[in-house]
Amino acid sequence: SLRATEKIHRDIEEFLRPYGLYYDRRKNYYKNEGKPISKIVSIPYLSQTVMAIVSQRPDDARARPSSLLKRNDDYEQLFSLRHPIKIYYVCLMLMQRVEKHLKSSDLGTGLDRKTRGDIKFHIGTHAALIAVGKAKPSLDELSEMSVRDIDESVFINSAQRVMSIYKTLTDANPVASDKVAKSPEFREKVKEDAQSLLPQ
């Protein structure tokens with residue numbers, strides 16, 4: 001709550017509003033104003049999208065959305081006045097496309113909600129690297145991405161490849177699917193796979 005009053009969060013709120021997105025830095029403010037739930041963005045969710053796409057740590061995004069805001073090192077990586085303000089919009093839009101794909105594709109509709117939750121941030125990491133075409137894109141390169149123009153085939157391919165990695169890891173230990181989703185091993189295999197598809 002204290003951090004939500006900082007300039008960076010006020011700036012994000014102002015930047016997102018013209019796109020019809022309502023940044024919920026004052027909890028339930030926009031809900032009480034009657035804004036559509038689908039257009040309200042929570043601080044923890046935005047943290048997860050930035051952690052997955054900018055920091056390339058989808059395992060942490062999946063594991064601990066609230067605690068991302070509690071550790072100073074994590075918080076300062078996510079929210080900084082030095083970041084291009086557009087990066088927050090790009091991360092949201094990219095994850096929105098991932099989630100839309102998972103809800104409408106044959107792959108996604110065949111999965112239960114928990115599995116979709118386990119893999120979505122890893123798909124976001126994979127798709128971002130493929131869309132930019134670099135293993136370690138800069139903040140500026142990520143923020144200049146036109147998410148709307150990314151071909152749907154990127155999301156199809158990323159989802160299939162991430163799901164294949166997830167299945168291999170969970171087949172080896174089927175009772176620990178939750179741990180797999182939150183593991184550095186899954187993250188590194190996803191990044192390695194994306195990098196294998198990029199120009200060398």
Qualifying residues in segment 146-198 (those that are more than 18 Å from residue 120 (Cβ to Cβ) and hydrophobic (A, V, I, L, M, F, W, C)) - the one surrounded by the fewest Cβ atoms within 10 Å (Cβ to Cβ): 175
State the number of residues belonging to segment 160-187 that are touching a helix residue (DSSP H, G or I) at 6+ places or on another chain (Cβ under 9 Å) and either charged (D, E, K, R) or assigned to a loop (DSSP other than H, G, I, E, B) (or both). 7
Selected residue (criterion: least open to solvent (accessible area, probe 1.4 Å)) from residues of segment 37-61 that are more than 24 Å from residue 185 (Cβ to Cβ) and not in a helix (DSSP H, G or I): 41
So, of the residues in segment 133-145 that are among the aliphatic types (A, V, I, L, M) and surrounded by fewer than 18 Cβ atoms within 10 Å (Cβ to Cβ), which turns out to be nearest to the chain's Cα centre (by Cα)? 139
Exactly one of 101, 126 is in contact with a Phe, Trp or Tyr (Cβ under 7 Å, 6 or more places away or on another chain) and closer than 20 Å to residue 165 by Cβ, and that residue is 101
Given the criteria of a type in the set (Ser, Thr, Tyr) and at pLDDT 90 or above, does residue 66 qualify? no
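The values are calculated or read from the model by the stated rules, or taken from the named source; none is laboratory data. If you're wondering where the values come from, they're calculated on a predicted model, not measured in any experiment. Glycine gets a Cβ as well: all are built from the backbone with ideal geometry, and neighbour counts include every protein chain shown. Remember, those area values only see protein heavy atoms, side chains included, never the ligands or the DNA or RNA. Shrake-Rupley method; radii C 1.70, N 1.55, O 1.52, S 1.80 Å.
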